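Let me begin by presenting the structure, written as structure tokens, before commenting on it.
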Amino acid sequence: MTIWFLKGKSKSFPGPLTCQQQTSCSKIKTSGRQANLRCRLSVHLSFIIRATTMRASQLFLVAALCLTACSAYDLPVGCNFTKGQRVFAGQDAAIYSCIQAPTISSETKSKVFNTTRNLLRSYPFRDILAEGPTAPFYVSQVDIEAAFESIAYYNTHNSDRAFSFYSRLSDLIDRLMDPNVKFRLPECFDVTFYHPLIIAKKEGSRPSTGSTGNLYVKDVRTWPEFGNDTVLEQIRGLKGKTIEKLSGGTALDQYSYSVLPYSTPGFTLDSSINGILTIAKNLIDTRSLRDGHPFPTSTYRHLTFTIEGKTYEFPFVAEINGNLSDCDAPHTSATKQVTEPVSPVQLREVDDNTVAVVLPHLQNGTNAEVMRLFEEKNKTYKNVIIDVIDNMKGSICEAQYLLDYLTGGSDPIWEDIVYSNYTLQLMKMAEATNGSDDVMLGDHLWETVDGSSVWSVEQLTRANSTNNFSTLRKRKCAPSPWINHKPYFEKVYVLSNGLCMSACAVLTAKLSSHGVTIFSERSTYSVLRYATSASGMVVTDEEMFRQAEHWNATGDDVPARWPVTVSMETVVTEYYSEQDRSHPDQFKSSNTGNSITFSHETDKDTLYHQLIEKFPSYELPQRCQFKMMKGIAITSLEQYKECVDMIPLSEKKKRLVLDNVKRMMDMYPFSDLAKNTPDQSPLRKLDHDINAAIEKLRSRANDSTIGAFSFYQSITDDVTAPLADAHTQFTKPSCFNSIVAQPFNLTAVGDFPEIYLREVFFDGKMEMIPKAPFWNTTEFRTYVGKKILKINGDDATEHLIDFARSHPIYSKDDSVNFNQIFNMEMFTIRMLHSGVAGGFPENVTLEMEDHKTFSFPWLTVVADDLSQCDQTSEYTKKREASLNGEESRVFAMKKRQEDFLLGDQNVSVKEMNDDTLVIKIPSFGVKVNQQLNQTLPQHTHKKLIIDVSGNGGGLVCEAMELIRYLATPPPRMIFDFKWSSLTWRMQQKSMNMTPDTFLYFGPDRYESVEGADHPWWTPINVTRANSTSLHSSRFYLERSCLDSTDIWNGTKRNYNEILILSDGLCGSACAMFTTLISTLHDHVRTVVTGGIPGQEKMSYSTFPGVSKYYQMEGEDVLQAWPTDVHMQIPFVELFLSKEQELPEEFSFYAADYRLPHLYDWRDIDTIYNETHEFFGWISTSTTEDVTMTFVGDITRADLPKLIAAVVQTGVESVTVKSWESQSVAGKRAQKVKSVITLSDGKMKATEAKKALIAAVVQQKSGGEDKFAESAKTNNLPSILVASVDGDIDTTTETTIQPKTSTSETATSTSEPKTSTTEPSSDQSGHGTLTKPQVAGIVVGSIAGVVLIGVVVFLVVRYKRRQGGAYYALTQYE
């Protein structure tokens, strides 16, 4: 601890006086702390008296300073380190005990605690953190006040160790995950821990699940403190080596949270940034104790490195630059302020047209320096690259200057303040004096949005909390250095690595909204961030103290100066790119679709030339450079199409794309079946020659009039869409990432559905889109719930059926595609970049039930930059050699996540009644069984409805595990794949790969069905669909899903009955789940909703199989895509048994029951109630099935009641197993063919069947009609039976009429009235007709035809009007 004494009038002390240096007391073995203090004080006073003569007041001051300044604690022996000394810091090293030795007084604790708390009371995001930030920032809630209360409790009840106390404060501030808020421990804790291996990221690598070799040992430290000569030699030998695993995990996946705590100092809310931050700041191998890093031995995992298959663990070494005996030294003006070095601003010419401005910061004077460098250059450029790599600090005024200069306008950056009691007091004091003297809150610094007073206070509610806010304001900056300069540049590009923070984050977000293209290094394999932590204006503790002293602020909330050498920075404002105050920029995600791969080792000039290669090769007019707001732009389809049609694609790139499409489709295992599909009615029969379609496109590749969009769309229309396979998709470049939409949605009602207007936006999924200026829906809204007669002049239902058949993206069953129109809104919302057939949609005109017509232009939501359509795909970019000349992997396969699903993806459980439970499974994603395990075991219901509507698939093992719990373990699934030059080459390369690499053709990957003597890769000829092709042998997956940990712990749940509810849109893993559980278990049945009218049967699932989405790369495997296109195919086909010939993807499974279209498919309560009616068909008693055809206006629910009354058995003994209905001309009647199950009840099932047949015979013979009598008695509709099990058959449908009373019914055997005119006979004895008779017959026939025509016309009109009333449940076998 050092003391600088005050100067006297005549004499002054010549310099610092250090307690430890000026006394030998620390070497004296005295008993107790007071003896030590007395010793120190006596030595100091004797020195002072000998040094000079002083006044008594000066002597008293010096004595007081010595008494308070000298350490009030003893350090253990061996803890008196010299500055710069290095010591061993491995597990249990003495340095850790030394660091924890200093103590702290209660008074100092209290002062530091209160000052920290008061400084943080001005932190503007307390309310949002207390509630917990939402996507994309998944971090724990941080209730700052509650955390301080916890620290206060600890202070009262625990030890007085200084390091422990300061660490708790530091940890709280680190949990805010705001790099702009910093807390530094006292100077005595200036200790840095170093690891011998210095880690860096390889150039050209990026994090991805399962990736290896992305980190390497850039350099090593060989200090003797790390170990003996053997250890140091081992360390030297690792320089330049690739790191295979880090702390047991795949290297780049583990380099942030798994090695460092999530609250590591400097970490951000955005976990995808923290990996890059870890490398950029060397946080793996360098830890600063004063900055708040924990001991390296106390992190989550021991820091180990796996290199060349061997795991190494080395100790850290500590470098001590603080004096541990001086931790209670007071904070003075001489206290060192930690300043981080910054690199200078640079100007680098890339080529004659392009210049790069290197901005490592945005500190005051940055723009003036850039302008000076341009003046020195004295040259103009067409393009400018703004390099903001590692730009983590700066002034908001500097950001505003550069923003306005680059955009050529004025676009304010907004701020506000969340007032604490202290800042509110400052504001009122400043207001009283008109805010003079450079006050932080003065009006000379700010101006409001509307010119109102900056002193206004508003109460705003957000995050379930109401607080005092300032008005929205912008900074009053000095005149910009660029004020007399016009922008030099035609095109601006930004280059980032994600570590663009604070003012830089706001600047780049603003530039992005102006259409500036931003490139960033890929921070993780799934997201691409260009900025983070745009929290607000940073102020130092010294500025806060100065403000309090300047205004004489008083009260418990006023931060007082530190009693010791700690320091702190905090944030007092919030930044907003827009005037919407619901979401500060700190909690906004800054994503870009433009990636470039580099590292800190990449030479700048090399990097800029790589970036130039990504510049667009074409120019779009200004009207096509859509201005983004909140990441989207709104325009009409006509304008968007005009812009899209301008985008060219060279013949060379077209041919390269087709080459890759051909090579991938050669792998497609169903190419033979697609060309000649076996009859699996009602699945569509394909007749699609994939190779012929590709060759046809090649003939058009040299047509320059075919632009990029049209060419890519033709691949979808001609190659992938005709396959009707959702697993096979070709996706256009992300520049075409746009949605077109109509302002309405449709719904279908009934068995032969009529089409209704369900809703008019913006109360649906499009509420995030501002109202389109070309949509006027005022009158249209009044038609919600009304019937639509025609669409584009066609019958509305028929038009949509045709649409479903021409857009088979989801299924080979057109009924499933028809449902997609309503359940996934495919008719009114289209994604242009995805693999949907047809491309740009035609205009839509609706004719309503009152014949009023409406037509709206398509609205286009633009979500990406059309100028980037020729960018190289990062997914399949050719790999460069590693930094150390090692060979890169030949190829890789990378999984792309696609989500077909809408809405909440969490599993839900609902009690329907005391006997029935409903579970909704929107996806078989991660933790489905874990979620269900928390609720299902608590219920004792005997019946279960499993709703899988809209479930697009997920993890196969999640589906299989659920089957095991609900029924029995499913069989192992069997696969094969088709050999092609591509699969053969990949398989050969894989033979030498290690089993844990992310590959799907390795030797140990699969298990042959035929046994070990017959390897799975053995080629065999497969003949089917009139062609022969080479396939692999059939194989199992390398291990069964059921070998993994059982989340259910071996328990099972036995339900008496299970109904699977689907809309047909149950795909992939969901299709496998429904097929296996329903076909293998008699107590499980399937119910499907909707579908195309007249289609007798409908699938309950679609596109089964284990198809994942992959991108393949490698020069000798698949050429790099020349543009950012993606293609996914299934490379295996699925079988459920060894004997199965057709794969599951071409098998048809019809639902057991079918529900009609409901008005709103989201009305789940109605759907569940209707589904519940299908329970009861299962019985453990003897059963008899009766197939009965009848006519009558009766519902499926009433039929068992009528049958039970006729045969005099219990209603519970009669269930309807299937039901096929067909409307009959005439009254409200329908012809029904139904299979009725009779089980033992009041009579045996066999006797009940005989009684039913006897009743039918009596009815048909004109005897007793038990059906009519029972109907009258029980107030039910009657029926007229045509046949029972074929015993009685009536083929003339028009003679069947429903019987409504017990009176006699005329039959065809009734005698006709006798004519009074005898017919004449010819010579052979045959009767002849007279002319009047002939005339009568002719006239009568004509009249009959006319009458029949009128009746048919009336019936058809009546049926169309009353069609909505026919909601009878339709069943079939």
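The values are calculated or read from the model by the stated rules, or taken from the named source; none is laboratory data. Here the structure is a predicted model, which means the values were calculated and not measured. Counting neighbours? That spans all protein chains shown, and the Cβs are built from the backbone with ideal geometry, glycine included. Each accessible area value is taken on the protein alone, full model and side chains, heavy atoms only, with ligands, DNA and RNA left out. Shrake-Rupley method; radii C 1.70, N 1.55, O 1.52, S 1.80 Å.
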| query | So what's the convex hull volume per residue for the Cα atoms of the range 654-796, in Å³? | reply | 191 Å³
| remark: XL table Lys239/Lys281; Lys1052/Lys1097; Lys379/Lys474; Cα-Cα > 23 Å flagged, in table order, is Lys1052/Lys1097; Lys379/Lys474
| query | Which distance in Å, rounded to a whole number, links the C-alpha centroids of the range 81-103 and the range 828-842? | reply | 66 Å
| said: Test of understanding: express the Cα radius of gyration of the range 649-728 as a ratio to 2.2 N^0.38 Å, with N the residue count. | reply: 1.17
| remark: Of 643-649, 386-392, ordering from highest average Cβ density within 10 Å down gives 386-392, 643-649
| request: Would you calculate the separation in nanometres between label points at Gln1208 and Ser589, each defined as 7 Å from the Cα along the Cα-to-beta-carbon direction? | output: 7.0 nm
| said: Can you tell me which aspartates and glutamates have their Cα less than 16 Å from the Cα of Lys852? Leave out same-chain residues fewer than eight positions away. | reply: Glu779, Asp794, Asp795
| message | Could you give the length gained by full extension between His1014 and Ser1029, i.e. 0.36 nm per residue of separation minus their alpha carbon distance, to one decimal place? | response | 3.5 nm
| message | Show me the three semi-axes of the equivalent ellipsoid for the range 489-623, from the C-alpha gyration tensor (sqrt of 5 times each eigenvalue), largest first, rounded to whole Å. | response | 40, 18, 13
| said: Can you compute the label reach from Asn468? Point 7 Å from Cα along the Cβ direction, backbone N cut-off under 13 Å, restricted to the range 142-183. | reply: none
| field | Label-point separation in nm, Glu578 to Glu849, each point 7 Å along Cα→Cβ | value | 3.9 nm
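At 10 °C and 1.306 mPa s, grab the translational diffusion coefficient of the range 368-485 from Stokes-Einstein with a Kirkwood Rh over Cα pairs, rounded to a whole number in µm² per second.
Details: Rh = 17.0 Å.
Translational D for this selection: 94 µm²/s.
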| field | Extension gain from Ala1197 to Lys1250, taking 0.36 nm per residue of separation minus the Cα-Cα distance | value | 16.8 nm
| query | Sorted by average packing, counted as other Cβ atoms within 10 angstrom per residue and highest first, what order do 1010-1019, 1071-1080, 1272-1281 take? | reply | 1071-1080, 1272-1281, 1010-1019
| message | For the ranges 477-489, 735-747, what's the packing order if you count other beta-carbon atoms within 10 Å of each residue, average per peptide, and put the highest first? | response | 735-747, 477-489
| query | Accessible surface of Glu619 in the full protein assembly, 1.4 angstrom probe, to the nearest 10 Å²? | reply | 140 Å²
